[in-house]
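Read-outs: derived from the displayed coordinates by stated rules, not from any lab. This is a predicted model, so every value here is computed, not measured. Note: ideal-geometry Cβ built from the backbone for every residue, glycine included; neighbour counts use all protein chains shown.
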Amino acid sequence: MEASSTEKKRRATRADVARLAGVSTAVVSYVFNNGPRPVAADTAQQVREAAEKLHYRPNSVARALSTGSSKTLGIVVPDLSNPFFSGVYSALETAAARNGYSTLFMASHQNPEKEMDRISQLIAREVDAIIIASAQPTSALAGVPRKECPFIFMDQTQPVPGAKCVSTDFQAAVSLAVRHLLGHGYTNIAMLSGKADDGLSDKRIQGWYQAHKETEIPVGPVVQAHFTRQGGYDATLALLDSDHRPDAIFADSDLEAIGALRALHERHVRIPEDIAIVSFDGTVDSQFSWPALTVMQQDATAIAERMFQAALDPQNTPDLQLIDTTLVPRQSCGCLK
């Protein structure tokens, strides 16, 4: 099969591929849409060779209109600088590609107005589902416009009407982290929290209070750290300058913990001899800090795969899925010398 010079100059169509391959346009459609009718392997290969010669690429919008599926997932990203989110999105892209789906990422920069704009753009592009770690408060999530597009909310620990939610079990994880520190004999533990101003509505903070209540140990301070390195650094310096310096710190993100480590090193505080640290996330950065961080490790792969399955088959997916963490002991809490 040889493509003519005229066919090469303009964008190839499905009809061009069919003519060059000697098949009907319906057969070309079946090959690139994986059905609905089977195509013999030799014929399918002939169609693909013709498409390659013509540099043919299926029109995703036309395919969405004809099949009801664009084979594309829209993903609204709040913060690509956070290695935990990057790990989840990498695993999500892998799961999607393995199943013949593309991923379209858009950044909201944790801005609710930008988030709504990104959602509108993705809906207009006929994506099959939207996966989002939302910047909206929980009370506002039910009002996010859906237009029959399935929504999967990441890190949302309470059901959202008409949507699916996948999250780490934050409450259980933080409770276990506090108990681990208490087991080392630390009794004055501070928490660096990204959402301290949310009070008891945040499941991490609920887990914090639960562990102290059940062990009858006085609750230490909860300090706003904004899920950032700078926030962890500033919050730790404030704790060191306070009248009640803690003997241990729980940080609810690795970024905060890394900021805390810098503050402690600058003040010549020994870790864990003077102040111990346990962190939450378990990103690769936690393995290469000094000392290496003891972490409650989130399962990024499981989160990604559960979200993908919820996008693929929302009718047979639970409305809320909570995923367990794993305690990984290292030097920062005193487990390993």
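In angstrom, the C-alpha Rg and Dmax of the chain are 25.2, 83. The angle between the Cα long axis of helix 170-183 and the longest principal axis of the Cα atoms of the chain comes to about 30 degrees, rounded to the nearest 10. Hand me the tally of lysine pairs in the chain: alpha carbons under 29 angstrom apart, and the pair either on different chains or 8 or more positions apart. Close lysine pairs found across the chain: 18.
Taking the empirical scaling 2.2 N^0.38 Å for compact globular proteins as reference, the range 202-337 has a Cα radius of gyration ratio of 1.18. For the pair the range 249-266 and the range 163-192, the centres of their Cα atoms are 16 angstrom apart. For the chain, the longest principal axis of the alpha carbon atoms and the long axis of helix 83-98 meet at an angle near 30°.
Take the alpha carbon atoms of the range 211-266, find their radius of gyration, then divide it by 2.2 N^0.38 Å using N residues; give the quotient. It would help to have the intermediate numbers written out before the result.
Working: Rg = 11.6 Å, N = 56, 2.2 N^0.38 = 10.2 Å.
Here the Cα radius of gyration is 1.14 times the empirical estimate.
Within the range 249-337, the GluC sites (Glu not before Pro) that combine a DSSP coil assignment with at most 15 other C-beta atoms in a 10 angstrom radius are Glu273.
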